[in-house]
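First up is the structure itself, then whatever we jot down about it.
The values are calculated or read from the model by the stated rules, or taken from the named source; none is laboratory data. Since this is a predicted model, take the numbers as computed values, not measurements. Note: ideal-geometry Cβ built from the backbone for every residue, glycine included; neighbour counts use all protein chains shown. Note: accessible area is taken over every heavy atom of the protein model, side chains too, but ligands, DNA and RNA are not part of it. Shrake-Rupley method; radii C 1.70, N 1.55, O 1.52, S 1.80 Å.
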Amino acid sequence: MSQPIEIKKGIYWVGVVDWTVRSFHGHTYSTPRGTTYNAYLIVDDKIALVDTVFAAFGSEMMAKIRGIVDPAKIDYVIANHVETDHSGALPQLLKLCPKAKVFGTQKCQEGLYKYYYCDLNFQIVKTGDTLKLGKRTLTFIEAPMVHWPDSMFTYCREEELLLPNDAFGQHYASSQRFNDQVDNCELMDEAKKYYANILWPLGSMISRKIEEVLKLNLPVSMIAPSHGIIWRKDPLEIVKAYQGWARQETVAKVIVVYETMWNSTQKMARLITDELIAGGLEVKLYDVNNADRTDIFKEMLDAKGFLFGSSTHDNNMLPNLAGFLALLKGFKAKGRVAGVFGSYGWAAGAVKEIEELLKAAGIEVAVNSCSAKFVPDDKESADCLRFAADFAAKVK
Ligand code: FEO
């Protein structure tokens, strides 16, 4: 079992490292580096626990707390978020400290009741409400849709410590707890993947919340999220990254994603990719059947151009690309350009279907689509190169 870590004088990480979890959110998110569920114990005249962990790891969190204080002495539990990876161990904990008062938003109270069907000693809080612990005071900041309606941040001015729950997190298991102890490229890559797959559709609300918090001019020397590594070296680095992602800033990069039946669409994808590269663009090419969907979305987060290809089957696109595009639709990507290509036998139904789906998703189809019957011949191969050149002009 990992040990509690004192992150500030009298404030302890009492979370859990989940080294082996490989998927999250019902298999919508791959976690090849595992994750952590972070809970924080604040020991002052009053003792507060900020968030808990998945129920299955409750005894490990409890053992860490016991190494610092008797859990029965916990006065307050701050429930920043109702989702079970942070509230799962709450019922177990409250059996040990039944008088503890739980603090959270109204939506959190409603959600906790619907998850656990027990009446809690609960106090609803709103932005600006405070809770005095002794030398320290906690301030609550509602953060609806960052990333659920109930979400909330907790801030401790005396320690310049922001506890934003899921915001600024990463699914990243490590023996280290702080960003200056791990590979920064690896960490930022996981933070980007987390943003792309969990927060992308919520950019406008995230922008507003960040602006609102920055306007308060609160000193922040540490951001301790509920997943992964704690930001203590230049903690605003991750805030700036979020601002760029929330504004949907892009670079001249093209992500090509295809699904192929007898390799003709794959042949087209390779021709197009090579031509884009020859034109000086950064390109990433994925066969949706053997790539990690979560990683593709991470790469798409800052890419200006998306290209999608599918063979036609029963006048439709192939099913795994269809599933991928259904998820993409929910992300509400803005400021992108897209193009479509694919092979067919007797009618190019896949290309038409993808075009319609992109339009419904609000993504501009910026060039005429490119098709090839059965196997691309010389003319159709040349069409692929022209398609790539036209698309490159739209991305640059
Ligand atoms: Fe929204 Fe980490 O749960």
remark   = Straight-line reach check, Lys99, cutoff 17 Å on alpha carbons, 8 or more apart in-chain or any other chain, hits among aspartates and glutamates -> Asp45, Asp51, Asp70, Asp75, Asp119
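Leaving ligands, DNA and RNA out of it, report the carbon-plus-sulfur percent of the accessible area of segment 5-246 at a 1.4 Å probe. Could the numbers behind the result be given before it?
On the way: 4970 of 9460 Å².
Ligands and nucleic acids excluded, carbon and sulfur reach 53 percent.
Evaluate the relative contact order of segment 254-395 (contact order divided by residue number), counting alpha-carbon pairs under 8 angstrom at least 6 apart; express in whole percent. Intermediate results must be reported in sequence, preceding the final value.
Working: 268 pairs, mean separation 39.9, N = 142.
Answer for segment 254-395 is 28 percent.
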message = I need to check one value: relative contact order of the chain, counting alpha carbon pairs closer than 8 Å and at least 6 residues apart, in percent.
response = 11
remark   = Candidates Phe297, Phe153, Phe24; GNM for the chain (alpha-carbon contacts under 10 Å) flags as most fluctuating Phe24
message = Quick check: net charge around Leu94, other residues with Cβ under 15 Å of its Cβ, Lys/Arg +1 and Asp/Glu -1?
response = 0
message = For a quick check of your reading of the filter: which GluC sites (Glu not before Pro) in segment 1-91 sit in a DSSP loop and have no more than 15 other Cβ atoms within 10 Å?
response = none
remark   = A student applying the Cα gyration tensor rule (rounded when a/c is under 1.5; otherwise prolate if a/b is larger than b/c, oblate if not) would label segment 319-396 oblate
key: lysines with Cα under 24 Å of Lys332, excluding same-chain neighbours fewer than 8 positions away   = Lys192, Lys193, Lys209, Lys240, Lys253, Lys284, Lys298, Lys304, Lys352, Lys359, Lys394, Lys396
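Report the antiparallel proportion of the DSSP beta bridges in segment 254-395 as a percent, rounded to a multiple of 5.
Numbers: 1 of 23 bridges.
Around 5 percent antiparallel, to the nearest 5.
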query = In segment 254-395, carbon and sulfur make up what percent of the accessible area (probe 1.4 Å)?
reply = 50
remark   = Per GNM of the chain with C-alpha springs under 10 angstrom, the most fluctuating residue out of Asp274, Asp302, Asp51 is Asp274
request  = Using a 10 angstrom cutoff on alpha carbons, build the Gaussian network for the chain and name the most mobile of Ile229, Ile354, Ile68.
outcome  = Ile68
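Computed FRET efficiency, Cβ-Cβ of Ala291 and Asp378, R0 45 Å: what is it to the nearest 0.05?
After rounding, the FRET efficiency stands at 0.90.
Using a ≥ b ≥ c from the Cα gyration tensor of segment 5-246 (square roots of the eigenvalues), is it rounded, prolate or oblate, where a/c under 1.5 gives rounded and otherwise the larger of a/b and b/c decides, a/b for prolate?
The shape class here is rounded.
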request  = Give me the net charge of Ala338's neighbourhood, meaning all other residues with Cβ under 9 Å from the Cβ of Ala338; Lys, Arg count +1, Asp, Glu -1.
outcome  = -1
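Determine the per residue accessible area of the chain with all protein chains present and a 1.4 angstrom probe, expressed in square angstrom. Don't skip to the answer; put the middle values down first.
Working: 16570 Å² over 396 residues.
Value for the chain: 42 Å² per residue.
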request  = Using a 1.4 angstrom probe on the protein heavy atoms only, line up Lys192, Lys329, Lys359 by accessible area, largest first.
outcome  = Lys359, Lys329, Lys192
Neighbourhood net charge (11 Å Cβ-Cβ; Lys/Arg +1, Asp/Glu -1) for Asp85 = -4
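For a quick check of your reading of the filter: which GluC sites (Glu not before Pro) in segment 190-255 sit in a DSSP loop and have no more than 15 other Cβ atoms within 10 Å? Can you show the working numbers first?
Numbers: sites: Glu190, Glu211, Glu212, Glu237, Glu249; in loops: Glu249.
Sparse-neighbourhood loop GluC sites (Glu not before Pro): Glu249.
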